[in-house]
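Below: one structure, written as structure tokens.
The values are calculated or read from the model by the stated rules, or taken from the named source; none is laboratory data. Being a predicted model, the structure only gives us computed values, none of them experimental. Note that each Cβ is placed from the backbone with ideal geometry, even for glycine, and that neighbours are counted across all protein chains shown.
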Amino acid sequence: MASTCRFCVLVVVSVLLLGLSALFAYILLANLANSTLMTDSYGKCIPSTCGNIQNITSPFQLAKDPNPSPCTNSDYHHYNLYCENNLTVLTANGGNYYVQAINYDNFTIRVVDPGFRNNDFSSIPRYSFSIYNISYFKCEKTFLNLELASSSTPVTFFKCEKIVNSSVMRTYNYVEQGNITASDMEDGCRIEWMTLMSKSFLYGKDRNLSYHDIHRALGYGFELQFRFLPRCKLGIYGWLILGAFFQVRSIFGVPFLAALLIYKRRRMHLSMYSSIEDFLQSDNNLSPIRYSYSDIKKMTSRFNEKLGEGGYGTVFKGKLRSGRFVAVKMLEKPKANGQDFISEVATIGRIHHFNMVQLVGYCVEGSKRALIYNFMPNGSLDKYIYCKEGSNPLSCRKMYEISLGVAQGIEYLHRGCDVQILHFDIKPHNILLDENFIPKISDFGLAKLYPVGNTIVSLTAARGTMGYMAPELFYKNIGGVSYKADVYSFGMLLMEMASRRKNLNASIEHSSQIYFPRWVSDQFCMGKEFEMDDATEEENKIIKKMIITALWCIQLKPSDRPSMNKVIEMLEGEFEYLQLPPKLLLCPQQEIPRDNLHVMHNNGNGKCISSSCGGIHNISLIYPFRITNGPHKRNGANQPWYNNVSCVNNLTVLRLYSGKYYVQTIHYENFTIRVVDPGIRSNNFSSVPAIRCPITTSLRFSNCILPPL
């Protein structure tokens, strides 16, 4: 704490010294510029003249002067004045103003609007301002601006349809001196002009001025403030001061900047560490041991053997003093103020289950954070699912036992603790296998704890891994987020375990099998048998049981998915008693009424109901085609989730892009429908397309975008 205070004092002192040095340099340079300018202007030159203005000198210059003044100082920027008809003119804001006087003592120039004539009370200003351009005047052909002097005040001319505070309807003209706002204007009044006048004309007069007083003041003019702005060219004094300034800035500025960066970084880490320390000190139910960073280096032999690496950090193999092997996960990228560390310790540090990896200890020391787990000699499940090189494939029975163990572990998280724990990141990489291939659920960095009774939980952002995240994390209209999100993730994991492949595989030989869950759902829907090559009859039953259970788990709506307790019953039960789930939908746009969903028939053949028209015998009445006319017409045919076809003269017709095409074939395996232009006749080579489209076209009829995978 003392070191932090000393550091703060250093930062404050550095800031003060840097600010004082910059202020000192600025004051010296400004005074040098003004004094040099005044000496050059009055001591060595004769000012230019035009009419009544006899003292035109820096920072003003008379443009187009046939006899330019020798006192014009080229070291400074200049305001241009013009001499027209023996009148000195200043061009600013797109208007020409007559110069009345230039005061070099208070750096003001008094100008008047050329529209005003002293003896003509009906004269009005030629130029009008708005509240947006009344504070400064931009001079022509220079980047210098003249600011409105404090001695100038706005004057507003406005008209009203009635006398103020009266109901008589006529048009009256008013002049208001001073700032006005929209709330000051009465109904029926509008602003005609805005101009400026000098406050000095008001001294000694009462506030209720007559129009004649206002007009005389406008004829007197208003003041603008000018300034001296040196060019980049500096004299010897200027260079000396500028050099001194940069030297002072280098001496104090660089250390200050370095100190500020270090301070901000320390504050960020201290905030994160304090959050972690507050959590560790407030929770007395934690059983893991706290290790120092030196202990971590000793048990890992200075991080000698690396087991893996990911977005969370790196995992090293270690050994405790007792001879027990452990896996040490070094967290390298802190997230959300250390919440990933807190979530992991808060969940796995308080639970004990046969299918949970055990947290042996942790380390929090400065910027170093580590988690110590039991060492799993068989690594993670992903290398056995995808048969990575050098790994021995597990038997179908062993893969089934692993899936059952994972299901029991998730069910314990949902219902076996005094709080409901949602994992949110169930995937093969987070399932570790011990020496007996017993599965252990790991990586609780995204886990959330909720009261047991909560059926719907709140999340500020989607969490998990693409391909295993539940759709309700993206589609808010299908149901709230709950423990069913873990059920969905387990279903995607179970599908990969049964098929021994990734669910989404673009390099697969058959394009219809790119997204395996959708393909296998359609196989069951069409009554086709699904069998793995080189699998026995008993193994094929196990695989089918795992796939059907997985299809139930990955239903689009959370309400259609079973609980993990029911999932365990399905996995432990007999395959013959399992009911097929509804046809798998990929997004809410595909959702269809429940009474039209596919279910198992009493005869057990599992075939979907279909209809026919001419030579097309496989028009599914479920999804995504419907016949809209004739005896085959079904209720609900005009629902948006169907592609309507009609049967005309025993020909199946599909309306597409405002044209009608004859359907040739429908392939549900690769989701394509082949159509032909009605103008083409097979035996007539002179026939031409009736619609500007190729003769035959294969179209994909699944027009719903897959959820992120």
Q. Could you give every pair whose Cβ atoms fall below 8 Å, whose first residue belongs to segment 146-158 and is assigned by TED's automatic domain parsing to the domain that holds residue 193 and assigned to a strand (DSSP E or B), and whose second residue is among the acidic types (Asp, Glu) and buried (at least 18 other Cβ atoms within 10 Å of the Cβ), counting only separations of at least 6 or pairs across chains?
A. 152/223
(Q) The conditions are (1) out of contact with any Phe, Trp or Tyr (no Cβ under 8 Å at 6 or more places or on another chain); (2) of a type outside the set (Asp, Glu); (3) part of a loop (DSSP other than H, G, I, E, B); (4) surrounded by 15 or more Cβ atoms within 10 Å (Cβ to Cβ), and residue 518 fails exactly one of them. Which is it? (A) (3)
Q: Output yes when any residue across segment 365-374 is over 26 Å from residue 449 (Cβ atoms) and not β-branched (Val, Ile, Thr), and no when none is.
A: yes
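Do we have any residue at all in segment 600-612 that's modelled with pLDDT under 85, at positive phi, surrounded by 15 or more Cβ atoms within 10 Å (Cβ to Cβ) and over 35 Å from the mean Cα position of the chain (by Cα)?
So far as segment 600-612 goes, yes, one or more of its residues are modelled with pLDDT under 85, at positive phi, surrounded by 15 or more Cβ atoms within 10 Å (Cβ to Cβ) and over 35 Å from the mean Cα position of the chain (by Cα).
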**Q.** Filter result (acidic (Asp, Glu) and modelled with pLDDT of 85 or more) within segment 499-521
**A.** none
Q: Mind counting the residues in segment 426-444 that are over 36 Å from the mean Cα position of the chain (by Cα) and touching a residue at least 12 places away in the same chain (Cβ under 8 Å)?
A: 6
Q. Which ones in segment 423-453 are of a type in the set (Phe, Trp, Tyr) and modelled with pLDDT under 90?
A. 444, 450
Q: Among the candidates 528, 545, single out the residue that is loosely packed, with under 15 Cβ neighbours inside 10 Å, basic (Lys, Arg) and touching an Asp or Glu at 6+ places or on another chain (Cβ under 9 Å).
A: 528
Q | Answer residue from segment 415-425, given it is in a loop (DSSP other than H, G, I, E, B) and under 26 Å from the mean Cα position of the chain (by Cα) and is surrounded by the fewest Cβ atoms within 10 Å (Cβ to Cβ) among those | A | 425
Q. Which residues, counting only those in segment 537-555, are in contact with a helix residue (DSSP H, G or I) (Cβ under 8 Å, 6 or more places away or on another chain) and either among the basic types (Lys, Arg) or free of Cβ contacts under 8 Å to residues at least 12 places away in the same chain (or both)?
A. 541, 544, 545
Q) Among the residues of segment 187-208, which ones are surrounded by 12 or more Cβ atoms within 10 Å (Cβ to Cβ), farther than 21 Å from residue 219 by Cβ and either modelled with pLDDT under 75 or not hydrophobic (A, V, I, L, M, F, W, C) (or both)? A) 188
Q. Within segment 556-569, can you find the residues that are touching a residue at least 40 places away in the same chain (Cβ under 8 Å) and either part of a helix (DSSP H, G or I) or crowded, with 19+ Cβ neighbours inside 10 Å (or both)?
A. 556, 558, 559, 561, 564, 565, 567, 568
**Q.** Meets criteria (surrounded by fewer than 16 Cβ atoms within 10 Å (Cβ to Cβ) and outside any loop (DSSP other than H, G, I, E, B)) for residue 538
**A.** yes
Q. Say we look at segment 650-681 and pick out the residues that are polar (S, T, N, Q) and either modelled with pLDDT under 85 or not assigned by TED's automatic domain parsing to the domain that holds residue 616 (or both); which of these is surrounded by the most Cβ atoms within 10 Å (Cβ to Cβ)?
A. 672
Q: Scan segment 490-502 for residues that are within 16 Å of residue 424 (Cα to Cα) and out of contact with any Lys or Arg (no Cβ under 7 Å at 6 or more places or on another chain) and jot them down.
A: 490, 491, 492, 494
